[in-house]
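Contents: one structure, followed by commentary.
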Amino acid sequence: MKRVKDAGTTAHAIVCVVDDDVSVRDALPALLGQFGFTAHAFASAEEFLSSDQADSADCLILDVAMPGMSGPDLHAKLKCRGIHGPVIFITAHADPLLPARLMREGAAACLSKPFSDTVLLDTLNAALAAT
């Protein structure tokens with residue numbers, strides 16, 4: 001993933017959403033567009049890896065539990081390839097230990113579904129500002 005060129009703004013940053021839930025893939029990119037981000041959605045980790053977005057994304061939003069490769073597995077694979085950048089995990093599973101584990105592994109944040117627009121925007125801005 002690349003870094004945002006203008007550290008003073010996160011507008012026009014490229015955010016990739018990887019989630020097997022079609023409603024999330026439809027809703028999140030639309031919301032991110034309203035926030036001023038360029039968003040791309042992928043149905044699976046494998047679909048994301050076969051695209052050209054791994055090298056051009058400024059931030060990733062990854063579902064934790066997906067068929068095939070999980071969000072954490074995708075994050076680990078990207079790190080092994082030398083691709084680092086902010087990753088925000090989203091999950092519908094109520095595991096109180098999960099966020100701390102993901103943060104130890106380098107995640108910028110872990111949000112529980114459903115989350116508010118404000119929480120998402122604040123989390124994205126913080127993750128991008130930290131890069």
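The values are calculated or read from the model by the stated rules, or taken from the named source; none is laboratory data. A quick note: this is a predicted structure, and the numbers were derived from the prediction, not measured. Heads up, the Cβs are rebuilt from the backbone with ideal geometry, glycines too, and the neighbour counts pull from every protein chain shown.
In this structure, does residue 95 turn out to be in contact with a strand residue (DSSP E or B) (Cβ under 8 Å, 6 or more places away or on another chain) and either surrounded by fewer than 15 Cβ atoms within 10 Å (Cβ to Cβ) or part of a loop (DSSP other than H, G, I, E, B) (or both)? Show your work before the answer.
On the way: in contact with a strand residue (DSSP E or B) (Cβ under 8 Å, 6 or more places away or on another chain): no; either surrounded by fewer than 15 Cβ atoms within 10 Å (Cβ to Cβ) or part of a loop (DSSP other than H, G, I, E, B) (or both): yes.
For residue 95, the condition - in contact with a strand residue (DSSP E or B) (Cβ under 8 Å, 6 or more places away or on another chain) and either surrounded by fewer than 15 Cβ atoms within 10 Å (Cβ to Cβ) or part of a loop (DSSP other than H, G, I, E, B) (or both) - is not met.
So that you can scan it fast, the table gives a plain yes or no per residue for (1) modelled with pLDDT of 95 or more; (2) out of contact with any helix residue (DSSP H, G or I) (no Cβ under 7 Å at 6 or more places or on another chain):
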{"position": "55", "(1), (2)": "no, yes"}
{"position": "65", "(1), (2)": "yes, yes"}
{"position": "78", "(1), (2)": "yes, yes"}
{"position": "102", "(1), (2)": "yes, no"}
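Looking only at the range 90-114, which residues are among the acidic types (Asp, Glu) and free of Cβ contacts under 8 Å to residues at least 24 places away in the same chain?
If the condition is that a residue be among the acidic types (Asp, Glu) and free of Cβ contacts under 8 Å to residues at least 24 places away in the same chain, then 95 is the only one that fits.
May I ask you to verify whether residue 121 is within 20 Å of residue 43 (Cβ to Cβ) and either outside any strand (DSSP E or B) or out of contact with any Lys or Arg (no Cβ under 9 Å at 6 or more places or on another chain) (or both)?
Working: within 20 Å of residue 43 (Cβ to Cβ): no; either outside any strand (DSSP E or B) or out of contact with any Lys or Arg (no Cβ under 9 Å at 6 or more places or on another chain) (or both): yes.
Against the criterion (within 20 Å of residue 43 (Cβ to Cβ) and either outside any strand (DSSP E or B) or out of contact with any Lys or Arg (no Cβ under 9 Å at 6 or more places or on another chain) (or both)), residue 121 does not qualify.
How many residues, within the range 102-118, are surrounded by 13 or more Cβ atoms within 10 Å (Cβ to Cβ) and assigned to a helix (DSSP H, G or I)?
2
Kindly evaluate residue 54 against the criterion of being touching a strand residue (DSSP E or B) at 6+ places or on another chain (Cβ under 9 Å) and more than 25 Å from residue 130 (Cβ to Cβ). Working first, answer last.
Values: touching a strand residue (DSSP E or B) at 6+ places or on another chain (Cβ under 9 Å): yes; more than 25 Å from residue 130 (Cβ to Cβ): no.
Judged against the criteria, residue 54 is not a match.
Return the pair list, or none, for Cβ contacts closer than 6 Å from residues in the range 69-89 that are under 14 Å from residue 16 (Cα atoms) and crowded, with 16+ Cβ neighbours inside 10 Å to residues that are β-branched (Val, Ile, Thr) and modelled with pLDDT under 95, at least 6 apart or on different chains.
Matching pairs, first to second residue: 86/131.
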